[in-house]
Amino acid sequence: MSRDDKKRRHEAKRKAKRDLNRRKQSISPFKRLVDAPGEIEYWMSETLGAIGQMQIFAYKRAAGLTGVACFLIDRGVVGLKDAFTRMNIGREEFDNILKRSEDNDISINRVAVEDVRRAVAGGIRWAHQNGMRLPREWVKTASLIGGVGDWASADVSNFVMEFAGHPEDLRQRLIGESFDSYIRRPDVRIIFSNAAPYMDQRTGEYAPSSDFEFDDDVDEEKEDLESIVDESLDSDLEELSARVVPIALGLAEETVEWLLAHKRTPSPELPEAWQSILLATLFSETALRDAPWSRVAELGGQLIGTFAESVEEEHRAEYEQAVEQAREYLEADPEIMKLAAEKYGLATRSDGGIQET
């Protein structure tokens, strides 16, 4: 082996080691949300018997982050039909998700985490028992509810030996038996409908549509937002930083007074937290000037998560607590940021945001 080949091989090994260490040190925002102590609520529909499907949502807010875990359970042989997560879901957006279900005559009720775990565990066992493919992200999604425990012994008394849906859905889900063999089984009632929506297991997308999903363009918009961040973030943040420092300091002082009035201890990182929130808002508005405020806010939430990752490890927990305190103060009085922005020469949007003048 030549000296150059040895050199390239050693360099490849060193690079692989660096990449491994980088991956070990990198903690995703979702993992931070799972691990952080915070508020979490659980919602579940009572429709498994009525329409054959059940919707479950777990919404958590912690460490300056928000996210929701979503499960769809089918009482037929499919069992756990879908499981996925979404980050940066604000309170208003989550309430709209619940309202959308209510508008579709699906009553959603607040439940305990034990109810959710039992239902999901039953769906997992029933799917496994009937040779069905489980959703790709079910383990990750279930981590937000603390896992499901021993699903192999879960109660499956509410499930039935039936498949109702698109034939392609059954074809893609089956892993324990061939499609042709399965549809001839006398112990399974088959009700096919070519009009029924189903999730393409290869892409994770629904075809042709589904009530149990977020906006149709969410994945495409997510890619667009990530592209915007990659291309523009570094060049614009330095210029915007100088403009938000005095506003951040003023808002931090107000937040300290509000927290003390509620007998709570303010975080010393409040000025930095408010600076991050303002920077994220201004940068998002600059990058998505003609977009609806909801999309601007979505990018802002992603940017705040990005800022948190750049904070030194020993200060990150305190910083994330400060972001959470700042957001609580903002939720208590949504007008405070606009008033502070106007005081220091920034314009306000009619739909709730702030922008450069």
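Counting 0.36 nm for each residue step from SER181 to ALA196 and taking away their Cα separation leaves a gain of 3.2 nm.
Given a Förster distance of 41 Å, report the FRET efficiency between GLU162 and GLU318 from their Cβ-Cβ distance, rounded to the nearest 0.05. Mind showing how you got there, number by number?
On the way: r = 53 Å, r/R0 = 1.30.
Efficiency at R0 = 41 Å is approximately 0.15.
For ASP82, the residues 5 or more places off, or on other chains, whose built amide H falls under 5 Å of its own are LEU72.
Shape class for region 32-156: oblate, because the ratio a/c of the largest to smallest gyration tensor axis (alpha-carbon atoms, square roots of eigenvalues) is 1.5 or more and b/c is at least a/b. Scanning residues 5 or more positions from TYR198 or on other chains, those with amide H under 5 Å from its amide H are ALA207, SER209, with H placed 1.01 Å from N in the peptide plane. Each label point is 7 Å from the Cα along the Cα-to-Cβ direction; what then is the distance between the points at ASP35 and LEU249, in nm? With each label point 7 Å from Cα toward Cβ, the separation is 3.5 nm.
For ILE108, no residue 5 or more places off, or on another chain, has a built amide H under 5 Å of its own. I need the shape label for region 100-189. Rule: rounded when a/c is under 1.5, else prolate if a/b > b/c, else oblate, with a, b, c from the alpha carbon gyration tensor. Verdict is prolate for region 100-189.
Say R0 is 51 Å: what FRET efficiency, to the nearest 0.05, do ALA261 and GLU114 get from their beta-carbon distance? The partial results should precede the final answer.
Numbers: r = 36 Å, r/R0 = 0.71.
That gives a FRET efficiency of 0.90.
Multiplying the residue separation of SER107 and GLU92 by 0.36 nm and removing their Cα-Cα distance gives an extension gain of 3.6 nm.
The numbers here are math on the coordinates, done by the rules we state, and not lab data. Here the structure is a predicted model, which is why all the values come from computation and not from measurement. Glycine also receives a Cβ, built like all others from the backbone with ideal geometry; neighbour counts cover every protein chain displayed.
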